[in-house]
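The values are calculated or read from the model by the stated rules, or taken from the named source; none is laboratory data. All values derive from a computational prediction rather than experimental measurement. Note that we place each Cβ from the backbone using ideal geometry, even for glycine, and neighbour counts take in every protein chain shown. Please note that ligands, DNA and RNA were not included when accessible areas were found on the heavy atoms of the full protein model with its side chains. Shrake-Rupley method; radii C 1.70, N 1.55, O 1.52, S 1.80 Å.
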Amino acid sequence: MALNKSMIKGILPALTTPIDGKGNVDRAATKAQVEHVLAGGAAGLIPIGGTGEYAALAPSDRIAMVEATVEAAKGRVPVIAGVLSPGFRESLSAAKDYLKAGASGVMLIAPYYVTPTQEGIRDYFKAYVDALGQPVMLYEIPYRTGIALKAETIAGMADDGTIVGMKSSNPDMAQFTRVLALCGDRISVTSGEEPLFPTAVAMGAVGGVLATAVLFPRIWVEIFNLAKSGNLKGALAKHKALAPFLAAVFSECNPGPLKAAQAMVGTPVGPVLLPLKAPSSEVMKRLEATIGALKAYEDSLARNAA
């Protein structure tokens, strides 16, 4: 089944890419990671995005990670593979490989390095979807790419039928409001910003593509459900408890601290890939100081659900 709007909702963890001692994708650790987040209520899986170290992986490793994720998911939830290459032909070839590997669809980043016009971006997505044969999920992250889409451009892409959803990693909440107003009824808009997530859901986001959901899926599901039900005060109260940890885990480039935190909670995934390095001793101390209480709360949610 081609990617559609209904597949993009709830908590969709941005998976890290487990690496074994030989530098290859660790399929056993991938399976453990997938089982952990699905047990915690994840509604979908996003492998090989930025959190999955797309740029540091060889093309064959990216395919291996998608295959491992699909195999572990066993059809229980959609698997939407990240495509973060800047060029059209490479991105299209990659997407075809991921669909062949079993992915439900792809999350395509806005083209970067060059500085295209808004119409050029819209034409890029039109041509891409025509060649791929199914719509995609848009990934906008202007503080990494240097390319910001206007809300009107995103609405036009929805009109074109090229996108059925988006991950918005744009802290401009006025822009986010505009996107929801123009096309939130036609595409599934999700938030990729942990610090803003409860507010984004209260405004109309239908879910989140969140890196730290690989650690604490149940906590994020709880926050999502509270905000979605109209209890923003309750969602913000739960979210506030995460704030010191979020400050620590994103104090160095993701996923360095995140992979270290996964080892701390008992779901190790191996090292990060160059040019990233293991987090500094100071960051490790901050993670250790904040992670214990959250792990205990996540475990209590698991017990209550049993």
- Divide the volume of the convex hull of the Cα atoms of the range 112-214 by its number of residues and quote the answer in cubic angstrom per residue. 105
- How high is the FRET efficiency between LYS126 and SER280 when r is their beta carbon distance and R₀ equals 30 Å, given to the nearest 0.05? 0.10
- extent check for the range 97-152: Cα max minus min per principal axis, descending, whole Å, gives 31, 21, 20
- Message: With 17 Å as the cut-off, how large is the P(r) tail for the range 177-266, expressed as percent of Cα-Cα pairs?
- Response: 50
- Based solely on its DSSP helices, what 222 nm [θ] is calculated for the chain when runs of n ≥ 4 H residues each add -39,500 (n - 2.57) and the sum is averaged over all residues, nearest 500 deg cm²/dmol? -15000 deg cm²/dmol
- Task: Show the residues, 5+ positions off or on another chain, whose built amide H is closer than 5 Å to the amide H of LEU210.
- Result: LEU12, ALA14
- Query: Starting at 0 and stepping by 5 Å, how many percent of the alpha carbon pairs of the range 225-294 end up in each bin?
  - Reply: 3, 17, 23, 20, 14, 11, 8, 4, 1
- Take the alpha carbon atoms of the range 100-177, find their center, do the same for the range 1-77, and report the distance between the two centers in whole angstrom. 21
- Using all C-alpha to C-alpha distances in the range 52-103, build P(r) with 10 Å bins and read off the rounded percent in each one. 27, 57, 16, 1
- Note on the structure: The percentage of the accessible area of the chain (probe 1.4 Å, all protein chains present) made up of carbon and sulfur atoms, to the nearest whole number, is 56
- Message: Quick check: with the 1.4 Å probe, what order do ARG286, ARG178 take by accessible area, largest first?
- Response: ARG178, ARG286
- Hey, what D do you get for the range 149-306 in µm²/s if you plug the Kirkwood alpha-carbon radius into Stokes-Einstein at 25 °C and 0.890 mPa s? 146
- Going out from 0 in 5 Å bins, what whole percent of all Cα-Cα distances in the range 1-129 drops into each bin? 2, 11, 22, 23, 19, 13, 6, 3, 1, 0
- Task: Grab the alpha carbons of the range 158-205, take their convex hull, and tell me the volume per residue in Å³.
- Result: 62
- Message: Just to check, using Stokes-Einstein with a Kirkwood Rh over alpha carbon pairs, what's the diffusion coefficient of the range 56-174 at 20 °C and 1.002 mPa s in µm²/s?
- Response: 146
- Surpassing 30 Å at the alpha-carbon level, of the pairs LYS22/LYS100; LYS100/LYS228; LYS22/LYS167; LYS100/LYS277, are LYS100/LYS228; LYS22/LYS167; LYS100/LYS277
